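Every number in this text was worked out from the coordinates using simple rules, so none of it is lab data. The structure presented is a predicted model; accordingly, all values stated were derived computationally and were not measured. Cβ coordinates were reconstructed from backbone atoms using ideal geometry, including for glycine residues, and neighbour counts include every protein chain displayed.
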């Protein structure tokens, strides 16, 4: 069983406040973050810890856990009061690609706002190639690396997602279970948007096909606009689903290709203490 501090904080705050909404206000996070944290705790302990209704109260199992949760949090708060001034206060610069900025960082920043309340995370958006360059050059203190050859020492895998096709809702294949690279090339592939070109190239290599495209753009907004106008189709990570305009849909691609996202500090110089704090809090 692996119970996290954010789960315990969300549980105690929800019981004390009597609702997920009020607990979220007290913790300074979104209601969904509180709900997900409590649900995660329930999965770990094997049962419901709160009874949802007009007033959210602890279940018998929750009552048995509540005193222990309060004790743990009190000890952690006391420890943080001692070490936080030296190790977890200030600004840390974090780099990520657009799909991570949109689809993953909001959840991580909600977590950090609870676990590292005195840390200001400044986000720098860039392409895949820029992540390691900025990290090693000292432009940023931490980065979410995309498909690194190996997880750097001290780094941690924060997510995995798949590459998926993006087509118009009225596309003849919009109802298909999955699309192939040949399907996409029939309409003209719009490549490069959001810094995902390496993954698209690798998909072609695995399929034994030459990498070819009808258009090559830099910004995902440009790519989505071209698809909306019927000028092609594309491949993007599933984290980019939150960025899709209403007129576009995302479909699986066959063969399946997964990418790995790793939060890390630099490999060629000492880590900023707050970069270590971000990783340790995940």
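Side notes on the structure shown:
- Residue 107/residue 185 FRET efficiency (R0 45 Å; Cβ-Cβ; nearest 0.05): 0.85
- Contour excess over end-to-end distance, with Cα ends at residue 75 and residue 2 and 0.36 nm allotted per residue: 24.5 nm
- Tensor-based shape of the stretch 57-207 (alpha-carbon gyration tensor, a/c under 1.5 rounded, otherwise prolate or oblate): oblate
- When both bridge partners sit in the chain, DSSP labels roughly 60% of those beta bridges antiparallel.
- A Stokes-Einstein calculation at 37 °C with viscosity 0.692 mPa s, built on the Kirkwood radius of the stretch 203-255 over Cα pairs, returns a diffusion coefficient of 265 µm²/s.
- Degrees, to the nearest 10: 31-45 long Cα axis against longest axis of the chain: 70
- Among 183, 120, 141, the largest mean-square fluctuation in a Gaussian network model of the chain, built with springs joining Cα atoms closer than 10 Å, belongs to 183.
- Placing a pseudo-label 7 Å from each Cα along the Cα-to-Cβ vector at residue 48 and residue 204 gives an inter-label distance of 5.3 nm.
- You can think of it this way: the chain between residue 280 and residue 268 has 2.4 nm of extra reach, that is 0.36 nm per residue less the Cα-Cα gap.
- Each of residue 32 and residue 254 was given a label point 7 Å from its Cα along the Cα-to-Cβ line. The distance between the two points is 3.1 nm.
- For the stretch 165-238, the square roots a ≥ b ≥ c of the C-alpha gyration tensor eigenvalues yield an a/c of 1.5 or more together with a/b not exceeding b/c, which makes the shape oblate.
- Max mean-square fluctuation residue, GNM over the chain, Cα-Cα springs under 10 Å, options 154, 47, 138: 47
- Rounded, prolate or oblate (a/c below 1.5 giving rounded, otherwise prolate when a/b exceeds b/c) for the stretch 113-186 by Cα gyration tensor: prolate
- On Cα atoms only, tilt of 60-87 relative to the major axis of the chain in degrees: 80
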